[in-house]
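Working notes for the structure below.
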Amino acid sequence: MSSCIEKIGHAECGSSDALQVWEDDRGGHTAYCFACDTYVADPYGDRPADFKPPAKFKKSKEEIQAELEEIIQCPVVDLPDRKLKKESLEYFNITIGVSEVDGSTPVMHHYPYYKNGEIVAAKCRMIEGKKFWSVGDIKEADLFGWSQALGTGAKALYITEGEMDAVALYQALKKKSKGTAWAHYDPAVVSLINGAAAGKRDIAKFLPAILSNFKEVVLLFDDDEAGRAAVKDVMQLIPYAKTVKLPAKDPNECLIKGFEMALCNAVLFKKEKPKNTRLVWGNELIEKARVETEWGLSYPWAGLTKKTRGIRFGETVYLGAGVKMGKTTMVNTIMAHMITEHGLKVFCVQPEEENHLTFRHVVGKVAKRVFHDPDIDFDYKAYDGAAPTVGGDILFLYLYQDLEWATLRSDIMAAVEEGCRAVFIDPITNLTNGVSSGEANTVLQEFAQELARVAKDLNIIIFLFCHLKAPHQGPPHERGGKVFSSQFAGSRAMMRSCHLMLGLEGNKDPDLLVEERNMRRLLILEDRNLGASGYVSLYYDDKTGLYHEIPEV
């Protein structure tokens, strides 16, 4: 919705202050000249490149009230282009701004909004250019037409998406009842305040009053994607609400296209309750459930595959380790396995490491060589043989240092469109950089729930990695301290949302033999599917950079 910022002169007609300028939410500017009834798409087009329009100004309460009083004093006339009659507009207290040139041509609509019978705001809409702006505070206002609806005493409440649709439906139903015993009754028709996107929020504020005053609720939102989504949202608040299949996109378009009688018949006799897509009958699942459960994709270690039954698309896996305990090696090993063993394209998000280093580490796992240690000769032949397996369009890397969920989500979607089926995020705690410790868990909780939905919706596998919180007692993780689910960042949220939680244990005490220092245990901490527990013993080979599984005795 736009905001008025100033009135300026209009060279085309010579007016000194009749050109009203609006600024939209994106910083763009349009204008309308009330002196010559002309819409201007770029009122500052003739200004220098460094010209800065005035900032939006805040009106005083007195100025707002004076403007609202002026709005409700405007005349009311028929709107032929909308097929709406004067008496129908008057019922909703809608007024019309007319041309200053001829004094009769409608140029704008004013939709008043009330609270406890007092006008508190108004929406204003230019007919040419379809520019919207508001006067006053519309956030606390009643639904459009709410006081009229309560005064009808009707049992059914009709809710439309926009103000003109409410007027159109009211007018059609009144005409339908003319000459009948119900002619003196008014239908209860209201409109959402902020359109379909905020439909659930608008209705939620008035839910107790709606439920106590009306036995039936009928939703007549636009027949488009936004309107259908709004119906689903509102159905969560009012499960018994009904909908209507209209003969045109919305009630006002029904009038414009001459479908007035069809609109009334649909509203009065063809109301239907949408199927609740959140409920599924058991008999619909008989055949789907009557199949053998398949193994998932393998892990690099057979013991982990056996205990968890493999990696499944649509799930999230969370792995944590102490500082410098080999977490990144685990990340790179699983990525390389996804590429070489299962032929998957991979999206890797490691904002704490330069991309070329990540690429080199993954190539090292494929080649079974160490390319990052200057004490080990760089095997160019092995590198050149393995690099094409990871290069090309197989491994996608995240470019940025700062990690924000809004950006990351869109990048995951883009990577999936490129064919990626596995996503690796290391570490997820980068998402809480700059966030207070009190807010960090909330951020991770929302992130975990959303990421689980993304994995399911896109049918991909997502691996998450993090450093563990230090143990409250006992030795630290790098000295053999035990790993527990509660030590993970956002642990409670992750335990609820992730399908599998794994921990990496080990002891890097320099007094131990190197063979002991290189031992690791990969623990199964939480397994939603099977409730599995246990661990897989691994040995880090510093010559190849790989974790080798030690078979159970």
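The values are calculated or read from the model by the stated rules, or taken from the named source; none is laboratory data. These figures come from a predicted structure and were not determined experimentally. FYI the Cβ positions are ideal-geometry reconstructions off the backbone, even for glycines, and counts take in every protein chain you see.
Tabulated data
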{"quantity": "The one condition in (1) assigned to a helix (DSSP H, G or I); (2) in contact with a helix residue (DSSP H, G or I) (Cβ under 8 Å, 6 or more places away or on another chain) that Leu319 fails to fulfil", "calculated": "(1)"}
{"quantity": "Members of region 154-189 that are of a type outside the set (Lys, Arg), surrounded by fewer than 19 Cβ atoms within 10 Å (Cβ to Cβ) and in contact (Cβ under 8 Å) with a residue 24 or more places away in the chain", "calculated": "Ala154, Ala156, Tyr185, Asp186"}
{"quantity": "Qualifying residues in region 190-231 (those that are out of contact with any helix residue (DSSP H, G or I) (no Cβ under 8 Å at 6 or more places or on another chain) and basic (Lys, Arg)) - the one surrounded by the fewest Cβ atoms within 10 Å (Cβ to Cβ)", "calculated": "Lys215"}
{"quantity": "Pick from region 70-113, criterion of a type in the set (Asp, Glu) and within 26 Å of Cys254 (Cβ to Cβ), ranking: surrounded by the fewest Cβ atoms within 10 Å (Cβ to Cβ)", "calculated": "Asp81"}
{"quantity": "Residues of region 486-506 that turn out to be within 15 Å of Gly326 (Cα to Cα) and either of a type in the set (Asp, Glu) or surrounded by fewer than 18 Cβ atoms within 10 Å (Cβ to Cβ) (or both), as a count", "calculated": "1"}
{"quantity": "Segments classed as helices (runs of 4 or more DSSP H), wholly inside region 350-425, with at least 3 members that are modelled with pLDDT of 90 or more", "calculated": "355-367, 380-390"}
{"quantity": "Where Met330 falls short, out of the listed (1) in a helix (DSSP H, G or I); (2) of a type in the set (A, V, I, L, M, F, W, C); (3) touching a strand residue (DSSP E or B) at 6+ places or on another chain (Cβ under 6 Å)", "calculated": "(3)"}
{"quantity": "Qualifying residue in region 183-191 (condition: closer than 15 Å to Cys254 by Cβ and modelled with pLDDT under 95)", "calculated": "no"}
{"quantity": "Tyr299 vs. criteria surrounded by 20 or more Cβ atoms within 10 Å (Cβ to Cβ) and assigned to a loop (DSSP other than H, G, I, E, B)", "calculated": "yes"}
{"quantity": "Residue check for Ala248: under 27 Å from Gly531 (Cβ atoms) and either surrounded by fewer than 15 Cβ atoms within 10 Å (Cβ to Cβ) or at pLDDT below 95 (or both)", "calculated": "no"}
{"quantity": "Extreme residue, farthest from Leu297 (Cα to Cα), among residues of region 346-360 that are within 26 Å of the chain's Cα centre (by Cα) and not hydrophobic (A, V, I, L, M, F, W, C)", "calculated": "Pro351"}
{"quantity": "Residue match in region 250-261 (condition: basic (Lys, Arg) and in the same structural domain as Leu211 (by TED's automatic domain parsing))", "calculated": "yes"}
{"quantity": "Checking Val280 against (1) among the aliphatic types (A, V, I, L, M); (2) more than 30 Å from Tyr158 (Cα to Cα); (3) part of a loop (DSSP other than H, G, I, E, B), the condition it does not meet", "calculated": "(2)"}
{"quantity": "Residue match in region 439-454 (condition: loosely packed, with under 14 Cβ neighbours inside 10 Å and among the hydrophobic types (A, V, I, L, M, F, W, C))", "calculated": "no"}
{"quantity": "Residue within region 318-331 that is in the same structural domain as Gly480 (by TED's automatic domain parsing), within 27 Å of Met519 (Cβ to Cβ) and loosely packed, with under 15 Cβ neighbours inside 10 Å present", "calculated": "yes"}
{"quantity": "Subset of region 324-380 (residues that are more than 24 Å from Arg520 (Cα to Cα) and polar (S, T, N, Q))", "calculated": "Asn355"}
